1. Please identify the pairs in which a residue from region 80-94 that is in a helix (DSSP H, G or I) has its Cβ atom under 6 Å from the Cβ atom of a residue that is crowded, with 21+ Cβ neighbours inside 10 Å, counting only partners at least 6 apart or on another chain.
2. Looking at region 97-111 only, could you name the residues that are open to solvent by less than 10 Å² (accessible area, probe 1.4 Å), on the phi < 0 side of the Ramachandran plot and more than 8 Å from the chain's Cα centre (by Cα)?
3. Within region 260-278, does at least one residue satisfy the condition of being in contact (Cβ under 8 Å) with a residue 60 or more places away in the chain and more than 28 Å from GLY160 (Cβ to Cβ)?
4. On the basis of being more than 19 Å from the chain's Cα centre (by Cα) and either among the charged types (D, E, K, R) or in a strand (DSSP E or B) (or both), does THR200 make the cut?
5. Conditions: (1) open to solvent by less than 70 Å² (accessible area, probe 1.4 Å); (2) at pLDDT below 95; (3) under 17 Å from PRO71 (Cβ atoms). ALA155 meets all but one. Number of the miss?
6. Modelled with pLDDT of 80 or more, of a type in the set (S, T, N, Q) and either part of a strand (DSSP E or B) or open to solvent by 30 Å² or more (accessible area, probe 1.4 Å) (or both), is that true of GLN62?
7. Across region 65-78, what is the total count of residues that are among the small types (Gly, Ala, Ser) and open to solvent by 20 Å² or more (accessible area, probe 1.4 Å)?
Amino acid sequence: MKLGQMLFIPIMLATALLASCGDDDGDGATTGQTTTTTGTTTTTTTTTTTTTGGGDQVTRVQLAHLSPDAPSVDFCAQREGRSFLGPIAKELLGDSDAVAFGDVTGYAPLPGGKYTLRFVAADATTCDDPISGIPDVEDVTLDPQQRTTFAVIGALLPAGGARPLRVVAIKGDAAPNQASARLRAFHAVPEAGPVDVGRTTNGTVEELFSGVAFGDLGKVNGDTYRDVPPAMDARLSVQASGAEILALPGVDLAPGAVTTVYIAGNALGSPQALRGIVCSETPEQPDFEPLANCTALP
């Protein structure tokens with residue numbers, strides 16, 4: 001298949017999806033005529049105005065695969081009262097390889113509403129057969145103008161104190177602050193207890209988030225984002241019980257940047273090494289990208 005065809009198909013599917021909401025979201029077309037007379041000549045112009053209910057009603061979703069022992073997956077979304085859409089990574093985002101551990105997809109635009117999420121095999125061509133061990137996520141409300149990351153976390157076959165697999169919805173959309181960088185951190189290491197996330201400067205660690213629990217974002221005064229001084233080559237430190245378990249050098253915290261760090265992998269390094277998946281969350285990120293703008297460190 002040619003590249004142009006690969007790009008066209010996801011956009012065509014998304015356009016059809018958003019258009020399908022016209023019956024209940026106020027989409028429609030109005031046709032009118034304007035007649036102009038100049039001297040003895042009369043000209044009639046027909047104009048068609050299209051109104052789209054999708055604009056302010058669109059929500060955006062992405063998938064983060066953070067389960068170290070789960071296979072590659074794809075996902076489907078079923079809006080209340082409608083059929084399943086998908087597999088989304090393959091059909092809407094154009095990712096023919098589906099989503100492997102450590103991958104974070106780009107955003108797929110969907111009409112806002114209540115949804116059921118289903119996870120299917122990487123080679124699935126329909127949404128009929130969910131992956132064994134990953135239950136459907138039901139009654140998920142996706143608000144218009146909201147970005148949501150569905151993170152698959154935990155162990156498919158838990159052992160040694162690892163938490164079992166589950167799916168967590170992470171809401172986003174922090175506005176950039178041009179005077180600083182905005183950072184948040186998510187804990188997805190199945191065997192690890194609470195972790196602290198800090199920034200190392202000249203050998204000294206400044207704590208940014210304390211006691212981040214598995215399956216949760218760090219918080220400061222209830223806020224999941226923290227403004228930090230800009231730096232083009234910051235070193236982040238992840239600690240457990242006062243000892244560093246993961247160093248993340250070279251994190252770009254530019255002025256105005258909004259960044260999410262997913263702490264993932266296994267505490268003992270198997271089957272997946274500990275890593276930080278550093279993702280840019282700037283609002284300019286376009287829809288329909290197969291993968292988000294993320295870097296795995298170290």
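The values are calculated or read from the model by the stated rules, or taken from the named source; none is laboratory data. Model, not experiment: these values are computed from the prediction. Positions of Cβ are backbone-derived with ideal geometry, glycine not excepted, and every protein chain shown enters the neighbour counts. Ligands, DNA and RNA are excluded from the accessible area calculation, which covers all protein heavy atoms including side chains. Shrake-Rupley method; radii C 1.70, N 1.55, O 1.52, S 1.80 Å.
1. ILE88/PHE75; ILE88/ALA108; ALA89/ASP74; ALA89/ASP95; ALA89/ALA98; ALA89/VAL99; ALA89/THR105; LYS90/ASP74
2. Quick first cut of region 97-111, residues open to solvent by less than 10 Å² (accessible area, probe 1.4 Å) only: 98-99, 104-111.
Cutting the leftovers down to on the phi < 0 side of the Ramachandran plot gives us 99, 104-111.
Those that are open to solvent by less than 10 Å² (accessible area, probe 1.4 Å), on the phi < 0 side of the Ramachandran plot and more than 8 Å from the chain's Cα centre (by Cα): VAL99, ALA108, PRO109, LEU110, PRO111.
3. First pass over region 260-278, keeping only residues in contact (Cβ under 8 Å) with a residue 60 or more places away in the chain: 260-268, 271-272, 274-275, 277.
Then drop every residue that is not more than 28 Å from GLY160 (Cβ to Cβ), which leaves none.
Checked region 260-278: no residue is in contact (Cβ under 8 Å) with a residue 60 or more places away in the chain and more than 28 Å from GLY160 (Cβ to Cβ).
4. Numbers: more than 19 Å from the chain's Cα centre (by Cα): yes; either among the charged types (D, E, K, R) or in a strand (DSSP E or B) (or both): yes.
Yes.
5. Going through (1) open to solvent by less than 70 Å² (accessible area, probe 1.4 Å); (2) at pLDDT below 95; (3) under 17 Å from PRO71 (Cβ atoms) one by one, ALA155 breaks only (2).
6. Details: modelled with pLDDT of 80 or more: yes; of a type in the set (S, T, N, Q): yes; either part of a strand (DSSP E or B) or open to solvent by 30 Å² or more (accessible area, probe 1.4 Å) (or both): yes.
Here the answer is yes, as GLN62 does meet what is asked.
7. Applying the first criterion (among the small types (Gly, Ala, Ser)) to region 65-78 yields 67, 70, 72, 77.
Subsequent filtering for residues that are open to solvent by 20 Å² or more (accessible area, probe 1.4 Å) retains 72.
Result for region 65-78: 1.
Okay, residues lined up against (1) modelled with pLDDT of 95 or more; (2) of a type in the set (A, V, I, L, M, F, W, C); (3) in a loop (DSSP other than H, G, I, E, B); (4) closer than 21 Å to GLY211 by Cβ:
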site: ALA151; (1), (2), (3), (4): yes, yes, no, yes
site: VAL167; (1), (2), (3), (4): yes, yes, no, no
site: ASN177; (1), (2), (3), (4): no, no, yes, no
site: LEU183; (1), (2), (3), (4): yes, yes, no, yes
site: PHE186; (1), (2), (3), (4): yes, yes, no, yes
